[in-house]
């Protein structure tokens, strides 16, 4: 059983479209991170959110941490082919500091 | 380059053989993590070190697996008597305490057991 559930698992869209990826849990996290992973490579950290309700923007990417710190979302505006990749959310829990719990990821494909 | 470095990038081994992977973390980072990722899954935690001390081990880390971090610098992960189910990407990451667990990952070692 995954502690963090990501949806959708796969997303295939045209260049210029907007999209949202969700990361949900019944558990509270002290922090939550989003990573992007290319095939055959390790995940690359995009952002960390720590405060309930926090919103962070990274160019066309907007990340939100839920008020109760149990869920998060990633919104991409005007997607580009270069955004293609596996998007992973990962959370740190106060009871098990030191380890990250990852979701299964959302595989995004953006077609030109 | 000051990123996390893993060696080898790829390893093919026969079932029953032992394999060892190496990870060199970002130099000023005092925490080092090992994760395993199989196809279609997110990374799963295996173990982590703070300096040279191994602070936590997952139940996934059977007694065939051992990790070390002598002198608190590089780390090795050894798998003894490999099984086909060990085939996966083994990821190493490092971070700086007391900051948040913002893990910086290496490129991984892809293990294939045949």
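The values are calculated or read from the model by the stated rules, or taken from the named source; none is laboratory data. Here the structure is a predicted model, which is why all the values come from computation and not from measurement. Positions of Cβ are generated from backbone atoms using ideal geometry, with glycine treated the same way; all protein chains shown enter the neighbour counts.
Before moving on, here are some points about what is shown:
- Per-region count, segment A:53-112, residues farther than 16 Å from residue A:10 by Cβ, within 14 Å of another protein chain (Cβ to nearest Cβ) and assigned to a loop (DSSP other than H, G, I, E, B): 7
- Counted residues, segment A:47-65 - those being surrounded by 14 or more Cβ atoms within 10 Å (Cβ to Cβ) and more than 15 Å from residue A:100 (Cα to Cα): 7
- Residue match in segment B:73-89 (condition: modelled with pLDDT of 95 or more, part of a strand (DSSP E or B), at the interface with another protein chain (Cβ under 10 Å from one of its Cβ atoms) and surrounded by 19 or more Cβ atoms within 10 Å (Cβ to Cβ)): yes
- Test: residue in segment A:19-29 that is facing chain B (nearest Cβ under 10 Å), surrounded by 12 or more Cβ atoms within 10 Å (Cβ to Cβ) and out of contact with any strand residue (DSSP E or B) (no Cβ under 8 Å at 6 or more places or on another chain): no
- Selection status of residue B:45, in a strand (DSSP E or B) and closer than 16 Å to residue A:102 by Cα: yes
- Considering segment B:57-69, the residues that are over 13 Å from the mean Cα position of the chain (by Cα) and modelled with pLDDT under 90 include one that is farthest from residue A:10 (Cα to Cα), namely B:62.
- Within segment B:1-43, tally of residues that are touching a residue at least 12 places away in the same chain (Cβ under 8 Å), within 12 Å of chain A (Cβ to nearest Cβ), surrounded by fewer than 18 Cβ atoms within 10 Å (Cβ to Cβ) and within 19 Å of residue B:83 (Cβ to Cβ): 2
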